[in-house]
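Student: Below is the structure I would like to discuss, written out as structure tokens.
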Amino acid sequence: MIEVTREYLVRALSNKKPDTDRVLNENHNKDINRNPDSELDKISKEKINIKNLVDLRNIKIDSIDISDLDFSYVDLSWSEIRNTSCKNTDFSHSKLENTLCRNVDFYRANLEGSSLSACDFRTCSLKEANCIGSDFKNSILLDTNLEGIIYDKSTKNFSLRCPEEGYFIGYKKCFNDLLVTLLIPTDAKRSSGTNSACRCDKAKVIAISKLDGSGFYREAVSLVDETFIYRLGQFSYADSFDDNRWLDSSHGIHFWMTKEEAIAY
């Protein structure tokens, strides 16, 4: 891993290929009244997705100010960013996959459409950062300042994976490849982080079967705690429940929203 200077980064960024705005504008001029879901739009989006990214992987950025720089369409995967100001920095459509960030200020940074998979944001600030269309899959947001973060339905793996209100069905795999179907009641506490796993403080067991749905069983043993038994028709209660949703491996009954996710665990 090479530690780089601000001057190094400025030079690297100055060599970026022309961005896709020109491509999109050319397509737009061809059909100014096109439907947003038209085939032309799909082609334009494909061009964005396959665009070559500037390769800045496996570098170390430490104690420098990179505020207001244009890091759009840059691959910073497997890098380290420490004690750095990224205020108003443009990271749109970039990759920060498996990137370690410590004491980094992303205040009002543009992370739109970026891939943040497994990025470690502990001790960082994403205050008022634009994360529309970003993907937080498996990223770590514990002890991260998320005040005023901008996101919407296109932001992946950030909103609660399970319903915030009401009752719903969840699934979990147990010992001997048994599949437990759970009813999470309206008054149950529920939580999820940046992956598909969810937690609740209580749930009713409404079915126990083999993974393929066959068979009928009255009990199933937890894969994590052999003393925790799920019994058909009865409520199961967690020993305690951690309200911090970003601490996804904490106390609670872990479950998944689909059978496929539960079986894959």
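Student: Please sort 165-174, 150-159 by packing, taking for each peptide the average over its residues of neighbouring beta carbons within 10 angstrom, highest first.
Tutor: Going by the mean number of other Cβ atoms within 10 Å, highest first, we get 165-174, 150-159.
Student: Whole-Hz Karplus ³J(HN,Hα) for region 158-168, in order, using 6.51 cos²θ - 1.76 cosθ + 1.60 and θ = phi - 60°, x for Gly and Pro?
Tutor: Whole-Hz 3J(HN,Hα) from phi for region 158-168: 10, 5, 4, 6, 9, x, 6, 9, x, 9, 6.
Student: Follow-up question, since we're still on this one. Just want to confirm a number: the relative contact order over region 66-163, from Cα pairs under 8 angstrom separated by 6+ residues, in percent.
Tutor: Averaging sequence separation for qualifying contacts and normalising by length gives 20 percent for region 66-163.
Student: So what is the relative contact order for the chain, in percent, with contacts set as C-alpha pairs under 8 Å and at least six apart?
Tutor: Relative CO of the chain lands at 10 percent.
Student: Take residue 63 and residue 240, extend 7 Å from each Cα along the Cα→Cβ direction, and tell me the distance between the two endpoints in nm.
Tutor: 3.9 nm
Student: Return a whole-number percent for the relative contact order of region 202-265, with Cα pairs under 8 Å and 6 or more residues apart as the contact set.
Tutor: 29 percent
Student: Order of 111-123, 185-197 by packing, highest average Cβ count within 10 Å first?
Tutor: Ranking the peptides 111-123, 185-197 by packing returns 111-123, 185-197.
Student: With the cut-off at 30 Å, tell me which of the pairs 153/202; 87/189; 189/210; 60/173 have Cα atoms farther apart than that.
Tutor: 87/189; 60/173
Student: Highest mean first, how do 203-216, 79-92 rank when packing is the count of other Cβ atoms within 10 Å averaged over residues?
Tutor: 79-92, 203-216
Only the coordinates and a few stated rules stand behind these numbers; no lab work does. Note that the structure is predicted; figures quoted are calculated from it, not measured. Cβ: placed from backbone, ideal geometry, glycine included. Neighbour counts: every protein chain shown.
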